[in-house]
Every structure is written in C-alpha cells, then in structure tokens.
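Visitor: Structure in structure tokens, see below.
The values are calculated or read from the model by the stated rules, or taken from the named source; none is laboratory data. Quick caveat: nothing in here was measured; it's all calculated off a predicted structure. For neighbour counting, all protein chains shown are included, and Cβ atoms are generated from backbone atoms with ideal geometry for every residue, glycine included.
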Ligand code: NAD
C-alpha cells in the first residue's frame, strides 16, 4: 500500500494544476516552502512581468495565427492570471487571435485541435437532466453564460459542436475587456446535431452524430436549458450566440421578458454599428435623422442594427414608422419590399411599398443612400461600381463592410478608400491594416461587438438587473460613440482605440446599470458613485499570495 501524502503536498500539486491559482515560476521562495512545491518547479523565481515577456516572445515566434491561438488557449488552461495579463496588455495584438478572424479558423478545425475540455456541453442526450448536469460545473458562481447551438458560427455556417470556440472566445473577451472574473464565465454548447456533412463524415468530430433536431425536441431542450441555468445560477445573464437566424429572433422574443437574456448577434451588433454611425455624424456634419441606410443582408445583424437605429431616431422625436422608412434592405433575393411573398417575419417591418430590384447597384442608384452596411457574409459585393456610386451621391459615403471573418468582408479597407478617393468613412467587422492614399493614412475602425457586450454584461451583473431591455443597447451605443475622440476621427476611425477598451467598457457598464436602477429592474440600492462601484467589480489579473 502506498503511504498517503501529507495534505499540504496534495494542495501544492493541485495548485499547479489549477489555472485560477497557478503562478508557475512566479511562486515565491516562501510559497514554494509552504506549498511543498520544491522540486516541482525550476529554481529561479520569475516576476509576472518576466513571465509576460516569455509568453510574448513565444507567441511572436509562432509561424501562424492558429499556432498563436493554440498557444494562448494552452496558457489559459495553465495560468489564467498570466493569460489575462498578456491579453489585456496587448489587446490589439491578441484580439484577432482570440477572436475573429483566427477563432473562425480554430472552430473550423476544433475537433482536430481538441486537447482539454473547456466550456460545458449540453446535448440532446441530456434532455430531462440539464439542471443536474449544470451542477457539475466546478464554479458555483456563474454570472454570465454565452450559449450557442453552433448553427451559424460567424459567417461560416453550421459548425455543430465545433462552434464551442465562440462562447469560449467571447467569454475571454468579457474578462479581458470588462473585467468579469474568469470563474463567473460559463461557455455552453447546446449540441442538437449538425447538418454539416463534412462534420458528420469525420470520425474525429466530437459532437452528436446526427442531423440537427428541429421543432419540438429542439425547443424543449433550449427551454430546459434557459430554465435550469436561471435556477442553478440565480440572476445569471444568458447571451444567445450564433444561433441560426429564425431561432435567434424567435428565442429573443420568447425569453427577453422571462429571463435575463440578450442576443449579441442582434442587439450587440445593433449597438456597435449604430455607435459607428453616431460617431460618423461628427465627420459628415449631419444628423442621424438625415441618414438613409441601405443594408446588404437582412439577417440577425442587419435587422439588429436597424432596430437600434430606429430606437435612436425615436429618441430624437421621430415616429417609429418614419424611422423605419429610413432603413432599406437587399437580401439574397433582392430589395426587401412589400411585393415580395413569403418574407420572413423579422423583415416585414422593413418591407417598403416600392418597386423591387434584384441587385445592390440598382438599389444604390434608385435610393441614393448615405450609408451602406454589409451584413451578408458575401465577400466582394461592395464592388468598385457600388463604392463609386456611393461616392458620387455623398461627399463622405459611409461604407461599413461588417461581415466576418475578414475573408467574408463585403470589401476591403483599401477598396473602400481607393474607389472613393479617400472620402469613405469605413468600418469593418474584422480588422484591416491602415491604408495610405497619397499622403494620408487611414486607420479603419473595427465595428467589433467586443466594444459593447462586455460593458453591457458588466453593467447588468454589477447592478443585478433582472432583464436586458433594448434601452440598454441604445445607451451602450451612445456611450461608445461619445468616447470616440477627435483624434480617432481625424485618422478615419469611428471607434475608440482598443487599448482603451476597459475604460470604455466601464463607462458603458455605468450607463447600462443606470438604466437598471432608473427602471427598477433590480432589487439593489443604487450606489452613490456608480462608476466607482463598477470599477470595484472589475477583475485584475494579479496573482494571489499564499505565504
Ligand atoms: P444571417 O444568416 O442572419 O443573415 C445573413 C443575411 O445575408 C440574410 O438576410 C441573407 O439573405 C443575406 N444574404 C446572403 N447572401 C446574400 C447575397 N448574395 N446578397 C445579399 N444578401 C445576402 O447572418 P447574420 O447573423 O446577420 O450575420 C451576417 C454577417 O454579419 C456574418 O458574416 C457575420 O459575421 C457578420 N456580423 C458582423 C458583426 C460585426 O461586425 N460586429 C456582428 C454580427 C454579425
């Protein structure tokens, strides 16, 4: 029989394998003694700053972004404080690796890259037992859940269980951008099957080997999950993520008044794009109410933006009908207008009494919009002809090519600036490098939802809000736009620098929490200094002391 180890020896080894408590080579001499770590670590003690340098060196040595992603995720699995320190201190460099576009590549190969479980899987096989299952999650204080069913991952389509990379990535951004404590974050994959043949034919696929459940069976699992999650983790905020568009609209309607739920693809996108439009007004010198928007793509993202835009105009005093009249959509079948039959429900409020047309360029000439917004997932659709037409009708045409990842953007930054003689106000969903035309360098803004959802999440959980009403997204858009500086605009950027994201998120959180207090959506008493209160809730990536 082997002799049992003294309890504190177990404890030391456990700490080394616990990413929340591990400090790696930064355990001090005293801690190594107290925790019986001698021999388990190389002798030299490093500071966290030195560890950060090693990580940066290693990341930069890697040959591809996917290798960098894998390295970062492995670090997150080993040492979360160090991971977040690196990510927070180098957000502009790390964001495209942790999130779009690299996370898209990672999801495409997720089954092959699989090493260690991260996140929580709920499948059809668990129906009837979801609450019990959720108790297996090791952290009892989950405050934010990001849940997907993997049906519409970024612009990449149905990736089934491989879509797990998205909730993991989004929650990492909640922590990095708004300081939500890592143990308060719960990524969830609802596996209801996949219709992706490539996955179904791959023996290494990790998800259920079946076609997607739809209808009653599917709805019952979603319902059981929302109910169970709200019960096991009282007050938890549930972010619906990358569901197919009919389900996304349906679930948002069904649950928004029953649980603390929002949909980032609809509402978060709405807020970030409208923030970009509000900031653009400072360049064009015009008013939001004078804009005419033409969207390419009438799905979750496009309709979500139009809804927040309409809310902004209504707040300015316009009627909802007049506000909606300013939003036009071209989808895969052409201009969304009343004469079309079988229009999806979410498109109906934006179907105008107007002759139809089948292509974007005809719509641009007919409508002369002030802004075009691409949310179609179709690259090269903002053609030279489209951009030149926009530039012929507007001094400063607003051109937002928001489809992700980069390969799906409707046009590149270079095309938008190049075909408009540098007059376009451009933003994209995935990052583009600066573009120089003549002697002017333009820094394209990234209309990244990460400007919005972390701040909204922080505001909701810090205030204990029971619901996430639409007003919170309009407030978030206004808050974000107000933080764009003149220097940002001077460089062509309609979003603040990502380096300021924590400050930006905390101010958004304050404005969102204010709505919760003003509308009595919480039982908490309003703190005297709301911003200071928000700051107190923000996690900092520092090591604990053990001795
Ligand atoms: P969705 O599937 O709900 O909608 C896609 C829409 O595009 C549909 O209306 C479809 O009819 C339309 N479409 C498809 N092909 C078309 C074509 N050839 N011409 C015109 N329209 C066409 O998807 P979604 O959630 O709305 O996302 C769409 C895109 O927006 C994705 O690429 C996604 O990554 C991107 N997105 C970007 C951001 C951001 O930048 N912040 C946020 C959310 C979504």
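Visitor: Filter region 352-361 down to the residues that are more than 13 Å from the ligand (Cβ to nearest atom) and surrounded by 14 or more Cβ atoms within 10 Å (Cβ to Cβ), then identify the one that is nearest to residue 304 (Cα to Cα).
Guide: The residue in question is 352.
Visitor: Then there's this: Return a yes/no flag: does region 526-542 have any residue that is buried (at least 23 other Cβ atoms within 10 Å of the Cβ) and modelled with pLDDT of 95 or more.
Guide: Yes, region 526-542 has at least one match.
Visitor: Report, by residue number, each residue of region 362-374 that is in a helix (DSSP H, G or I) and either touching a strand residue (DSSP E or B) at 6+ places or on another chain (Cβ under 7 Å) or near the ligand (Cβ under 10 Å from one of its atoms) (or both).
Guide: 363, 364, 367
Visitor: Any idea which of (1) surrounded by fewer than 19 Cβ atoms within 10 Å (Cβ to Cβ); (2) more than 23 Å from the chain's Cα centre (by Cα); (3) within 22 Å of residue 471 (Cα to Cα) is the one residue 220 doesn't satisfy?
Guide: (3)
Visitor: May I pose another question? Pull up region 194-217, narrow it to residues that are assigned to a helix (DSSP H, G or I) and touching a residue at least 40 places away in the same chain (Cβ under 8 Å), then point me to the one that is surrounded by the most Cβ atoms within 10 Å (Cβ to Cβ).
Guide: Result: 199.
Visitor: Looking at the structure I just gave you, is residue 447 in contact (Cβ under 8 Å) with a residue 60 or more places away in the chain and near the ligand (Cβ under 9 Å from one of its atoms)?
Guide: Answer is yes for this residue.
Visitor: Go through 377, 455, 418, 459 for me and flag whichever is in a helix (DSSP H, G or I) and within 16 Å of the ligand (Cβ to nearest atom).
Guide: After ruling out the rest, the residue left standing is 455.
Visitor: From 262, 251, 243, grab the single residue that is assigned to a helix (DSSP H, G or I) and modelled with pLDDT of 95 or more.
Guide: Being assigned to a helix (DSSP H, G or I) and modelled with pLDDT of 95 or more holds for just one of 262, 251, 243, which is 251.
Visitor: Still on this structure, please answer the following. Give 144, 180, 153 a once-over and let me know the one that is within 16 Å of the ligand (Cβ to nearest atom) and either on the phi < 0 side of the Ramachandran plot or free of Cβ contacts under 8 Å to residues at least 60 places away in the same chain (or both).
Guide: Only one candidate qualifies: 153.
Visitor: Can you tell me how many residues within region 230-268 are out of contact with any strand residue (DSSP E or B) (no Cβ under 7 Å at 6 or more places or on another chain) and either within 9 Å of the ligand (Cβ to nearest atom) or under 20 Å from residue 297 (Cα atoms) (or both)?
Guide: Looking only at that region, the number is 10.
Visitor: Counting only residues that are outside any helix (DSSP H, G or I), surrounded by fewer than 23 Cβ atoms within 10 Å (Cβ to Cβ) and near the ligand (Cβ under 10 Å from one of its atoms), how many does region 298-350 have?
Guide: Count: 5.
Visitor: Which one of 431, 496 is surrounded by fewer than 24 Cβ atoms within 10 Å (Cβ to Cβ), within 19 Å of the chain's Cα centre (by Cα), under 23 Å from residue 312 (Cα atoms) and within 16 Å of the ligand (Cβ to nearest atom)?
Guide: 496
Visitor: Right, something else. Inspect all residues belonging to region 404-416 and state whether any of them is in contact (Cβ under 8 Å) with a residue 12 or more places away in the chain, farther than 22 Å from residue 300 by Cα and more than 30 Å from the chain's Cα centre (by Cα).
Guide: No: region 404-416 contains no residue that is in contact (Cβ under 8 Å) with a residue 12 or more places away in the chain, farther than 22 Å from residue 300 by Cα and more than 30 Å from the chain's Cα centre (by Cα).
Visitor: Output yes when any residue across region 275-294 is away from the ligand (no atom under 16 Å from the Cβ) and surrounded by 24 or more Cβ atoms within 10 Å (Cβ to Cβ), and no when none is.
Guide: no
Visitor: Now for a different question. Could you count how many residues in region 380-393 are in contact (Cβ under 8 Å) with a residue 60 or more places away in the chain and more than 9 Å from the ligand (Cβ to nearest atom)?
Guide: The number of residues fulfilling the criteria is 1.
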